[in-house]
Amino acid sequence: MKKMSIVISMAFFAYACGNSNQNSGDQSAATGTSTPQTEAAAPAPATASTDLSDNPDYKKGLALIAKNDCLTCHKVDEKLIGPAYRDVAKKYTDKDIPMLAAKIIKGGSGVWGQVPMTPHPNLSVADAEQMVKYILLLKKS
């Protein structure tokens, strides 16, 4: 009998806890007022700085980088052979896109150390620019 009363008490407690938000929501809907709990429970809208996955430049650039040999020498947040993409993003702006795209295609050295970046002559200018746009978006996240 004692176990039965404990089970019933726990069931009642779970039911009461589960309905507390629903009841306060029903009451606030009936009165036309909102409660701080309801507002706090609402998810914050995603901003461009927190969710880049819907950005077409992000998607296209990431796909191009994954398809090429870029990740052999670069990582997003840490230096490997070449600089981290986020460090590149912090150093340059959108006005540098053509110059950086040309550097991806032609290769180069000296800016980030003496190890030269391998040229990628088979990349189109448009693809190289798309890759740079992806990298520059990383400074905003």
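Quick check on Ile65: is it within 16 Å of Leu138 (Cα to Cα), part of a helix (DSSP H, G or I), touching a helix residue (DSSP H, G or I) at 6+ places or on another chain (Cβ under 6 Å) and of a type in the set (Val, Ile, Thr)?
Numbers: within 16 Å of Leu138 (Cα to Cα): yes; part of a helix (DSSP H, G or I): yes; touching a helix residue (DSSP H, G or I) at 6+ places or on another chain (Cβ under 6 Å): yes; of a type in the set (Val, Ile, Thr): yes.
Against the criterion (within 16 Å of Leu138 (Cα to Cα), part of a helix (DSSP H, G or I), touching a helix residue (DSSP H, G or I) at 6+ places or on another chain (Cβ under 6 Å) and of a type in the set (Val, Ile, Thr)), Ile65 qualifies.
Looking at the structure I just gave you, is Gly113 exposed (fewer than 15 other Cβ atoms within 10 Å of the Cβ), part of a loop (DSSP other than H, G, I, E, B) and at pLDDT 85 or above?
On the way: exposed (fewer than 15 other Cβ atoms within 10 Å of the Cβ): yes; part of a loop (DSSP other than H, G, I, E, B): yes; at pLDDT 85 or above: yes.
Yes, satisfied.
Restricting attention to region 116-140, which residues are in contact (Cβ under 8 Å) with a residue 12 or more places away in the chain, in a loop (DSSP other than H, G, I, E, B) and among the hydroxyl-bearing types (Ser, Thr, Tyr)?
The answer is Thr118, and nothing else.
Looking at the structure I just gave you, is Ala48 within 15 Å of Tyr134 (Cα to Cα), among the hydrophobic types (A, V, I, L, M, F, W, C) and modelled with pLDDT of 75 or more? Full working, then the answer.
Details: within 15 Å of Tyr134 (Cα to Cα): yes; among the hydrophobic types (A, V, I, L, M, F, W, C): yes; modelled with pLDDT of 75 or more: no.
It is false that Ala48 is within 15 Å of Tyr134 (Cα to Cα), among the hydrophobic types (A, V, I, L, M, F, W, C) and modelled with pLDDT of 75 or more.
What number of residues in region 121-138 are hydrophobic (A, V, I, L, M, F, W, C) and surrounded by fewer than 18 Cβ atoms within 10 Å (Cβ to Cβ)?
Just the residues of region 121-138 that are hydrophobic (A, V, I, L, M, F, W, C), to begin with: 123, 125-126, 128, 131-132, 135-138.
Pick out the ones that are also surrounded by fewer than 18 Cβ atoms within 10 Å (Cβ to Cβ) and you get 123, 125-126.
Within region 121-138, residues that are hydrophobic (A, V, I, L, M, F, W, C) and surrounded by fewer than 18 Cβ atoms within 10 Å (Cβ to Cβ) number 3.
Determine which member of the set Thr72, Thr118 is among the β-branched types (Val, Ile, Thr) and surrounded by fewer than 12 Cβ atoms within 10 Å (Cβ to Cβ).
On the way: Thr118 fails: surrounded by fewer than 12 Cβ atoms within 10 Å (Cβ to Cβ).
Just one listed residue meets the conditions, Thr72.
The values are calculated or read from the model by the stated rules, or taken from the named source; none is laboratory data. Keep in mind that what you see is a predicted model, and the values were worked out from it rather than measured. Positions of Cβ are generated from backbone atoms using ideal geometry, with glycine treated the same way; all protein chains shown enter the neighbour counts.
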